1. How many angstrom separate the Cα center of region 306-334 from the Cα center of region 128-160?
2. For the chain, with a Gaussian network of springs between Cα atoms less than 10 Å apart, report the residue from D171, D11, D122 with the top mean-square fluctuation.
3. Just how far, in whole angstrom, is region 235-301 from region 164-186 if you go by their alpha carbon centroids?
4. Show me the helices of the chain, taken as full DSSP H stretches, that run 30 Å or more along their long axis by Cα and average -0.5 or above in Kyte-Doolittle hydropathy.
5. Please express the Cα-Cα pair-distance distribution P(r) of region 128-305 as a list of whole percents, one per 10 Å bin, running from 0 to the bin with the greatest distance.
6. How big is the dipole moment of the chain about its Cα centre under a simple scheme where the beta carbon of each Lys and Arg is +1, that of each Asp and Glu is -1, and everything else is neutral? Debye, nearest 20, please.
7. Using a probe radius of 1.4 Å on heavy atoms only, what accessible surface per residue do you get for region 182-224? Whole Å² is fine.
8. What number in nm² do you get for the chain if you take the convex hull of its Cα atoms and divide its surface by four?
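The values are calculated or read from the model by the stated rules, or taken from the named source; none is laboratory data. Worth saying up front: this structure is predicted, and the values here are computed from it rather than measured. No Cβ is skipped: glycine too gets one built from the backbone with ideal geometry, and neighbour counts run over all protein chains shown. To get the accessible areas, we keep the full protein, side chains included, count just its heavy atoms, and leave off ligands, DNA and RNA. Shrake-Rupley method; radii C 1.70, N 1.55, O 1.52, S 1.80 Å.
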Amino acid sequence: MLVLGIESSCDETAASIVRDGHEVLSSVISSQIKLHAGYGGVIPELAAREHLKNILTVVRTSLTEADISLDDIGGMAVTSYPGLIPALLVGNTFSKGLAASRHYPLIGINHFEAHMYGAFIDHPELLTPEHFPIIALVVSGGHTAIVCLEANGQARILGRTLDDAAGEALDKAAKILGLEYPGGPIIDRLAKNGNTKAYHFPRGLMGGSGRPIAPEHRFDFSFSGVKTAMLYAVKNRELTDSELSDVVASYQAAIMQVLVKKTIRAAREVHAKLICLSGGVACNSYLRHIMAEAAEKIHCDFVLTPPKYCTDNAAMVSGLGWHFLRRGMDGGLTQPVSARLPADLGIFPFAPFAPEDF
Ligand code: KG4
Ligand code: ZN
């Protein structure tokens with residue numbers, strides 16, 4: 001079945017055609033980064049207006065690149081939560097109009113779950129029982145969480161950030177340092193020339209300095225301390241290029257090392273067979289390197305989502321959508337949008353023993 005997926009939860013308008021959950025025929029992304037860069041963050045109403053301007057072209061291009069027509073499509077999937085409400089409304093209203101006129105089934109997709117699915121688009125062979133339980137680290141501009149995924153499709157959030165998401169912590173640091181938005185890719189690049197040990201930034205919720213962490217927070221994250229420490233380290237200083245590289249390298253290391261340590265700790269605790277890394281921050285070259293090294297050390301298989309499926313895209317939406325649609329599910333035309341990620345993630349349909357009729 002060919003699924004048309006649409007993504008408009010933040011600042012990317014995206015459409016993609018994917019066959020049977022894994023064969024990507026097209027993945028078109030129109031990024032608004034330049035529009036929001038001057039504000040240092042995404043302005044929801046501006047994002048919505050831009051989605052409205054671009055969505056038809058993006059969808060048409062996805063059909064052309066896949067070399068198919070609307071008659072070939074078997075169903076649609078659209079990101080419906082969590083995200084910026086004005087932005088989500090554009091993608092969802094467009095999708096409902098198209099689904100109604102063409103009589104397509106339509107599934108509303110959890111963006112967080114779609115990021116996790118990004119790791120498996122090119123790897124259907126990993127969705128077999130011997131690779132479960134899976135520990136997934138999802139790190140983006142809006143989310144930072146460790147999820148345990150069981151072969152029966154049940155997913156539990158073991159830990160999440162108590163304040164900023166990892167991407168947010170990078171973007172805010174970049175703003176403090178006078179760098180452009182989004183800061184993550186710039187910090188990634190500059191840190192390559194820096195010394196990760198030049199500055200001693202605190203590792204949040206790691207139980208250092210003789211203060212043990214409460215057991216219920218052992219998989220949680222906090223990045224506000226490291227951000228404040230960085231702010232004080234650079235306050236009233238004119239940094240040379242090499243000092244700037246050292247600051248960002250040390251800052252990036254403080255964040256990424258905690259992400260990896262806690263992911264590995266979770267993988268050991270649940271006896272994970274596979275670790276996966278997804279979300280925009282999963283593009284980070286330092287994080288990819290130290291995660292791969294750490295997973296190898298504990299002899300756990302790992303999958304690093306390809307960068308094109310880490311940042312927001314619609315292939316992860318179409319791909320995940322297929323797993324619902326193939327079961328005959330149809331969310332219909334009254335599905336709501338929501339800003340929030342629910343505490344209960346529900347059943348993940350791509351797990352090998354997920355019930356057919358959940
Ligand atoms: O997944 P995404 O595109 O959007 C959300 O759902 O949030 O993630 C965007 C985030 C931004 O914070 C951006 O700075 C970060 O991903 N990011 C990176 C890199 N590329 C994107 N962070 C670190 N290193 C990168 N190479
Ligand atoms: Zn995202």
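1. The two parts, judged by their Cα centres, are 17 Å apart.
2. In this elastic network of the chain, the residue with the biggest mean-square fluctuation among D171, D11, D122 is D122.
3. Between the Cα centre of region 164-186 and that of region 235-301, the gap is 16 Å.
4. 44-66, 241-270
5. 10, 39, 34, 14, 3, 0
6. It works out to roughly 960 debye.
7. Ligands and nucleic acids excluded, the figure is 59 Å² per residue.
8. Convex hull of Cα atoms, orientation-averaged projection: 17.5 nm².
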